[in-house]
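**Student:** Supplied in structure tokens, the structure appears directly below.
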Amino acid sequence: MATARPDPRFYHIDTHTLVLDCSAIDSIEHQHKQRMVNHLANTYINQGGCIDVVSAHQCLTLYCAQGTDIVQLQQQLLTAWHQLDETTLSHTHHDIPMHYGGEYGIDLEAVAEASKMSVKEVIELHSSALYEVDFLGFQPGFAYISGLPKALHLPRLDTPRTEVKKGTVAIAHDKTAIYPAQSPGGWNLIGYTDLCLFDKHNTPPALFAPGDTIRFVEVDHD
């Protein structure tokens, strides 16, 4: 049954690329919108003339084969948007063993100072939240994870580091993340996990999928 939820915006990048953008809809919670975007991405991949479908922050980009009628595809997407019941969408939950501080979490004390909390309070707050994977990007297996408590919302570093180690857990703005491989990075580093987030030999290779939920479980603390 169709709902009365507001229409998303649509725009065409070119004659065979269609974008659905629901970021301006304030009447639906962020996580519900993201779940809907991710469900539509899974629905339309390899369907309706779509070569690739990419979900991002409250938007969805569909790359279509030459000759695809994207005006018709847009109407199909709009119908699917209104018929979707986001409360029935499935997901996987992950408990992440988390080591706070130490050589990987070199920004933990600075985060505590900026947040006007003790290190212990930062750890308790970060590990108390239930998080949700919004989408993957930046590098294979890197998940942008929402649900970070407001008291921990801090800007990215003014100067990114040239090297952040694999498994490092970090925060920036309203998100937390785990680096699946060594790379540059500009987030605030608060600890690490031993879990492997991306293995090309696994099916699927990435541990996380959009819509999954996450809780960080403190193992120990240096």
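**Student:** Using the Cα centre of the chain as the reference point, and only Cβ charges (+1 on K/R, -1 on D/E), how large is the resulting charge dipole? Debye, rounded to the nearest 20.
**Tutor:** 300 debye
**Student:** Using only the alpha-carbon atoms, how far is helix 30-44 inclined from the longest principal axis of the chain? Give it as 0 to 90 degrees, nearest 10.
**Tutor:** 50 degrees
**Student:** Something else about it: Between Thr203 and Leu157, what length in nm is gained on full extension when 0.36 nm per residue of separation is reduced by their alpha carbon distance? Write down the numbers at each step before the final one.
**Tutor:** On the way: separation 46, 0.36 × 46 = 16.56 nm, distance 3.46 nm.
This chain segment gains 13.1 nm when fully extended.
**Student:** For His16, His91, what ranking results if the residue with the fewest other Cβ atoms within 10 Å of its Cβ goes first?
**Tutor:** So the residues, fewest neighbours to most, are His91, His16.
**Student:** Could I ask something else about it? Within 10 Å of each residue's Cβ, count the other Cβ atoms and sort Leu148, Leu78 from fewest upward.
**Tutor:** Going from sparsest to densest Cβ surroundings: Leu78, Leu148.
**Student:** What's the exposure ranking of Asp158, Asp199, going from fewest to most Cβ atoms within 10 Å?
**Tutor:** Asp158, Asp199
**Student:** Continuing with this model, one more query. May I ask you to work out the translational diffusion coefficient for region 13-167 at 20 °C, viscosity 1.002 mPa s, via Stokes-Einstein with Rh from the Kirkwood sum over Cα pairs, reported in whole µm²/s?
**Tutor:** Values: Rh = 18.3 Å.
Answer, rounded: 117 µm²/s.
**Student:** Which of Cys64, Gly101, Met117 sits farthest toward the positive end of the charge dipole of region 25-118, with +1 on the Cβ of Lys and Arg and -1 on the Cβ of Asp and Glu?
**Tutor:** The one lying farthest along the dipole's positive direction is Cys64.
**Student:** Separate question: Given a cut-off of 29 Å, name the pairs among Lys116/Lys165; Lys33/Lys165; Lys120/Lys175; Lys150/Lys200; Lys116/Lys175 whose C-alpha atoms lie farther apart than that in the structure shown.
**Tutor:** Flagged as over cut-off: Lys33/Lys165; Lys150/Lys200.
**Student:** Okay, next question. Check His94: other-chain or 5+ apart residues with amide H under 5 Å from its amide H, H built from backbone geometry?
**Tutor:** Counting only residues 5 or more places away or on other chains, the set is Thr213, Ile214, Arg215.
Here, each number is a calculation from the coordinates, and none is a lab measurement. Bear in mind that the values here come from a model prediction, so they are computed numbers and not experimental data. Please note: Cβ atoms are built from the backbone with ideal geometry, for glycine as well, and neighbour counts cover all protein chains shown.
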